[in-house]
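Presented below is the structure to which this report refers.
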Amino acid sequence: MSPRSSASNAGELKAEIATDGRIRVVIEGVKPEIDGGRFPIKRVVGETVAVEADVFTDGHDVVRCVVCHRHEQDSAWRETEMQALANDRFRAEFTVEELGRYRYTVLAWVDRFLSWRQEFARRVDPADVLVAARVGAELIAQAAARAAAPDAERMQAWADRLRSEHDTTKLKRLGLDEELWTLAARHPNRSLAAGYARELEVVVDRALARCSAWYELFPRSCAQQPDAHGMFRDCEARLDYVARLGFDIVYLPPIHPIGRVKRKGPNNSLQPSPEDPGSPWAIGSQEGGHMAVHPQLGTLQDFRHLLAKARERGLEIALDIAYQCAPDHPYVAAHPEWFRRRPDGTVQYAENPPKQYQDIYPFNFESDAWRPLWQELEEVLEFWIGEGVKIFRVDNPHTKPFAFWEWVIDAIKRAHPEVIFLSEAFTRPKVMHRLAKLGFTQSYTYFAWRNTKPEITEYFTELGQRPGREYFRPNCWPNTPDILTEYLQFGGRPAFMVRLVLAATLAASYGIYGPAFELMEHEPREPGSEEYLDSEKYQIRHWDLERPDSLSDFVSRVNRIRRENPALQADWSLRFHRTDNDSLICYSKISEKQDNLVLVVVNLDPHHAQSGWVELPLEEMGLGPARAFQAHDMLSGAHFLWQAPRNFVALDPQTAPAHVFRLRRRVRSERDFDYFM
């Protein structure tokens, strides 16, 4: 990293780049930049930000430019010199080392000394060389005046020698001295520097924001006895199981008291029995609201104990945040102004035709009392953060105002930069992207409904290679309590295996709703529905985790592969490769250090064996065309020796619907034997 700027704080930097008619440098096309700097990009601690810009001036002078960057809590800017690419495009990288926000911008200037040196190298006429040397001496003397000892003494001596020397051969050698030129380059004249018009921002999260594996479970279904209501202590007993599966995050649906008024029965019935537990998303009753726990789950102290036990196992608890109320939530009586009324005076319940949610009242964000409402909802987050929760899955954020999310997420993350927000917004693309821009750390995707090779290829190319990747971090779920896709309904065991491999390897973050997933729950409520029959949203389920047909071992293997291969822990390196059979999809990922290469081949047809040829760009993948390379299938343990760009693959979904290869190139050692690395 280059030395810190002479500007010691943000105000001095702005003064340094103040508008002046003598400023000749133009800065355009700065990337990454989201909507003209309106929104920040995203990174995690330890990642780099690669900044590019078009930087040029009139005439033939040489320009130099730097990326200025600093953590927002620092006053001093750091600088990284930008390197020329082509066509006046420059690039530099800096590393973000702390949580919070960083600022970055571009500073550029005409470098008179470098321009002189470039011209001096081309001069051959002795008289021109002598005159040019005197010009150079003046520029070097000026640089010496800007420098401190010992640089100043060395440069002044250099300027004196250029003035006194008359041998043109020696002058050329002296004027082009690389070591002295490097010295002078450290002290440029930036009095007429141009600054980019905006300071851009990057939000820096912890590593779990980039790569995470989520496991959703209902605590009330964790009891050992089939007819009992599970408690937090029962959920503690489930933690070892989730840890063995290899997940990072245990996501709990709302844990608050559940309303009794308009409570739903099994399969969303409007006629519940007195024993029916209701939907956890119908929040609030006489026992409390969003800052209380359901009495049948336990106490706040029990919940804190659950958090501690999770941490002991390397797990974090994510809590569902659903900003909505049951009809008997305390807010309804205490703050009637927060809800919308129908002409008959009753409160308008939630609807998404043809679905109706009689047990849920949405907040009215257009209420005249919107400020107290916002403040109360922020307090809900602060309360659970105070209890130890650092990860929130937010229910239906697209049904609340954008301005609210921008305000509340910014407020929370400035106070608690370690907090992660997952957006559960299955909605229109532009709305999903806006929420991500506004601050959501991760976002649900359309993965569940992308089944064919063209659909998957197009969608994940968009997520990993287009500009939206700077702020939209995908989190892929093959199922949720609300989503049982047709593919899973009719594809049998292979379909669950296929969708797990795809979710876990296409995206660095993914999740499953279990144990419904590993136990392959696939019966819909009715034909054509994506709702589960006997959905856990409305009733307690008892799951036999020891069932011999469980996919738990397969899930554990896939998650172990993710943990052991850095290539699968990021999204941007994803590349798709050609196959001659559209039922086979092939793609690869490579680690940032280029030392871990994973190739995935999946049979998308859960009913039939499929085979075909895959074609790999060996040179681009760092394997080279001349030598064989090893393909180690980490799912089965099998090893294959491939020797050409085209290789044959056959996958039977009943036995092995996918290969997850680690590729290793073959090299020859000094002892003249082959090995793989």
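Annotations for the structure displayed:
- Within region 286-309, the set of residues being outside any loop (DSSP other than H, G, I, E, B) and touching a helix residue (DSSP H, G or I) at 6+ places or on another chain (Cβ under 6 Å) comprises Asp302, Phe303, Leu306, Lys309.
- All of His632, His608 fail the test of being over 20 Å from Ala570 (Cβ atoms) and either at pLDDT below 95 or not in a strand (DSSP E or B) (or both), apart from His608.
- For region 558-593, filtered to residues that are within 30 Å of Gly230 (Cβ to Cβ) and buried (at least 17 other Cβ atoms within 10 Å of the Cβ), the residue that is nearest to the chain's Cα centre (by Cα) is Arg562.
- Contacts under 6 angstrom Cβ, first residue in region 78-89 being modelled with pLDDT of 95 or more, partner small (Gly, Ala, Ser), 6 or more apart: Glu79/Ser2; Glu79/Ser5; Thr80/Ser2; Thr80/Ala92; Glu81/Ser2; Met82/Ala92
- Scanning region 310-352 for residues that are assigned to a loop (DSSP other than H, G, I, E, B) and under 27 Å from Phe218 (Cβ atoms) turns up Arg313, Gly314, Leu315, Ala322, Tyr323, Ala326, Pro327, Asp328, His329, Tyr349.
- Hits in region 455-479 - residues which are without any contact (Cβ under 8 Å) to a residue 24 or more places away in the chain and in a helix (DSSP H, G or I): Glu455, Glu458, Tyr459, Glu462
- Odd one out for His256 among (1) open to solvent by 30 Å² or more (accessible area, probe 1.4 Å); (2) farther than 27 Å from Glu98 by Cα; (3) in a loop (DSSP other than H, G, I, E, B): (1)
- Residue within region 434-452 that is of a type outside the set (Asp, Glu), open to solvent by less than 10 Å² (accessible area, probe 1.4 Å) and within 24 Å of Phe661 (Cβ to Cβ) present: yes
- The set of residues from region 496-543 being among the basic types (Lys, Arg) and either under 27 Å from Thr441 (Cα atoms) or touching a Phe, Trp or Tyr at 6+ places or on another chain (Cβ under 7 Å) (or both) comprises Arg499, Arg525, Lys537.
- Residue in region 268-283 that is of a type in the set (A, V, I, L, M), touching a residue at least 60 places away in the same chain (Cβ under 8 Å) and assigned to a loop (DSSP other than H, G, I, E, B) present: yes
- Breaking point among (1) open to solvent by 50 Å² or more (accessible area, probe 1.4 Å); (2) touching a Gly at 6+ places or on another chain (Cβ under 9 Å); (3) modelled with pLDDT of 95 or more, for Lys14: (3)
- Those helices (runs of 4 or more DSSP H) of region 125-244 in which 1 or more residues are touching a helix residue (DSSP H, G or I) at 6+ places or on another chain (Cβ under 7 Å) and either modelled with pLDDT of 90 or more or among the acidic types (Asp, Glu) (or both) occupy 126-146, 151-164.
- Verdict on His305 being at pLDDT 95 or above, open to solvent by less than 40 Å² (accessible area, probe 1.4 Å) and farther than 30 Å from Phe402 by Cβ: no
A quick yes/no check of all residues on (1) under 23 Å from the mean Cα position of the chain (by Cα); (2) modelled with pLDDT of 95 or more; (3) open to solvent by 20 Å² or more (accessible area, probe 1.4 Å):
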{"site": "Trp338", "(1), (2), (3)": "no, yes, no"}
{"site": "Val347", "(1), (2), (3)": "no, no, no"}
{"site": "Phe365", "(1), (2), (3)": "no, yes, yes"}
{"site": "Arg371", "(1), (2), (3)": "no, yes, yes"}
{"site": "Trp374", "(1), (2), (3)": "no, yes, yes"}
{"site": "Phe383", "(1), (2), (3)": "no, yes, yes"}
{"site": "Pro417", "(1), (2), (3)": "yes, yes, yes"}
{"site": "Ala425", "(1), (2), (3)": "yes, yes, no"}
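- Qualifying residue in region 637-657 (condition: surrounded by fewer than 18 Cβ atoms within 10 Å (Cβ to Cβ) and under 30 Å from Arg206 (Cα atoms)): no
- Filtering region 46-64 to residues that are under 16 Å from the mean Cα position of the chain (by Cα) and crowded, with 17+ Cβ neighbours inside 10 Å leaves Glu47, Val49.
- When residues in region 579-605 are screened for being over 17 Å from Arg662 (Cβ atoms), assigned to a loop (DSSP other than H, G, I, E, B) and not hydroxyl-bearing (Ser, Thr, Tyr), 5 of them pass.
- Of everything listed in (1) buried (at least 23 other Cβ atoms within 10 Å of the Cβ); (2) small (Gly, Ala, Ser); (3) over 27 Å from Arg578 (Cα atoms), the single unmet condition for Ser529 is (1).
- Pick from region 394-415, criterion part of a helix (DSSP H, G or I) and out of contact with any helix residue (DSSP H, G or I) (no Cβ under 7 Å at 6 or more places or on another chain), ranking: least open to solvent (accessible area, probe 1.4 Å): Lys413
- Taking region 611-629 as the range and being open to solvent by 70 Å² or more (accessible area, probe 1.4 Å) and either assigned to a loop (DSSP other than H, G, I, E, B) or over 29 Å from Tyr487 (Cβ atoms) (or both) as the test, the residues that pass are Glu619, Glu620, Pro625, Ala626, Arg627.
- For region 457-486, a tally of residues being surrounded by fewer than 19 Cβ atoms within 10 Å (Cβ to Cβ) and of a type in the set (Phe, Trp, Tyr) returns 1.
The values are calculated or read from the model by the stated rules, or taken from the named source; none is laboratory data. Just so it is clear, the model here is predicted, and its values are computed rather than measured. Cβ atoms come from the backbone with ideal geometry, glycine included; neighbour counts cover every protein chain shown. When the accessible area is computed, the model is the full protein with side chains, heavy atoms only, and any ligands, DNA or RNA have been set aside. Shrake-Rupley method; radii C 1.70, N 1.55, O 1.52, S 1.80 Å.
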